[in-house]
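Q: One structure, as structure tokens, below. Some questions next.
The values are calculated or read from the model by the stated rules, or taken from the named source; none is laboratory data. Everything quoted here is computed from the prediction, not taken from an experiment. All Cβ positions, even for glycine, are placed from backbone atoms using ideal geometry, and neighbour counts span all protein chains on display.
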Amino acid sequence: MYKSSIMEWLQSNAPLIYGVVLSIIIAYGRLTYDGVGGRRKWVEALLCGALSLAASSGLDYFGLPVSMNPFIGGAIGFLGVDKLRQISNSMLRKRVDNNDDQVN
């Protein structure tokens, strides 16, 4: 009974699980290649997995299919937490600057 319900859950959430795991593996591999060691490598890899999980919940909002989860996870793992932070900060700055220009 429990085995079948677990298997059903895994099957219905396969793209989500695959995207998160792919993000963790790619981030870990990228950091290993760059020579980063210790706890930072694991923390960033897990943060990339968490970001992939969070991003996957927004796919419906943007009208994207759930099957894009592995792509999103791979991209997040490849870019990394620091690069994603830089991108989001620059996007927010542009948006705030545009709003300030419209007010004045």
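Conditions (1) part of a helix (DSSP H, G or I); (2) crowded, with 16+ Cβ neighbours inside 10 Å; (3) touching a His at 6+ places or on another chain (Cβ under 6 Å), marked per residue:
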| site | (1), (2), (3) |
| --- | --- |
| 6 | yes, no, no |
| 16 | yes, yes, no |
| 27 | yes, yes, no |
| 32 | yes, no, no |
| 60 | no, no, no |
| 63 | no, no, no |
| 67 | yes, no, no |
| 79 | yes, yes, no |
| 83 | yes, no, no |
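Q: I would also like to ask the following. Any residue in the stretch 1-26 that is within 14 Å of residue 54 (Cα to Cα) and in contact (Cβ under 8 Å) with a residue 60 or more places away in the chain sitting within a Cβ distance under 9 Å of a residue that is exposed (fewer than 10 other Cβ atoms within 10 Å of the Cβ) and basic (Lys, Arg)? List the pairs, counting only those 6 or more apart or interchain.
A: Filtered contacts from the stretch 1-26: no entries.
Q: Does any residue of the stretch 90-97 turn out to be within 17 Å of residue 21 (Cβ to Cβ), over 12 Å from the mean Cα position of the chain (by Cα) and modelled with pLDDT under 90?
A: Within the stretch 90-97, not a single residue is within 17 Å of residue 21 (Cβ to Cβ), over 12 Å from the mean Cα position of the chain (by Cα) and modelled with pLDDT under 90.
Q: When you go through (1) touching a Lys or Arg at 6+ places or on another chain (Cβ under 6 Å); (2) at positive phi one by one for residue 31, which number turns out not to apply?
A: (2)
Q: Would you please name the residue that is surrounded by the most Cβ atoms within 10 Å (Cβ to Cβ), looking only at residues in the stretch 40-52 that are over 12 Å from residue 74 (Cα atoms) and of a type in the set (A, V, I, L, M, F, W, C)?
A: Selected residue: 47.
Q: Quick one: would you say residue 41 is touching a Phe, Trp or Tyr at 6+ places or on another chain (Cβ under 7 Å) and not small (Gly, Ala, Ser)?
A: Here the answer is yes, as residue 41 does meet what is asked.
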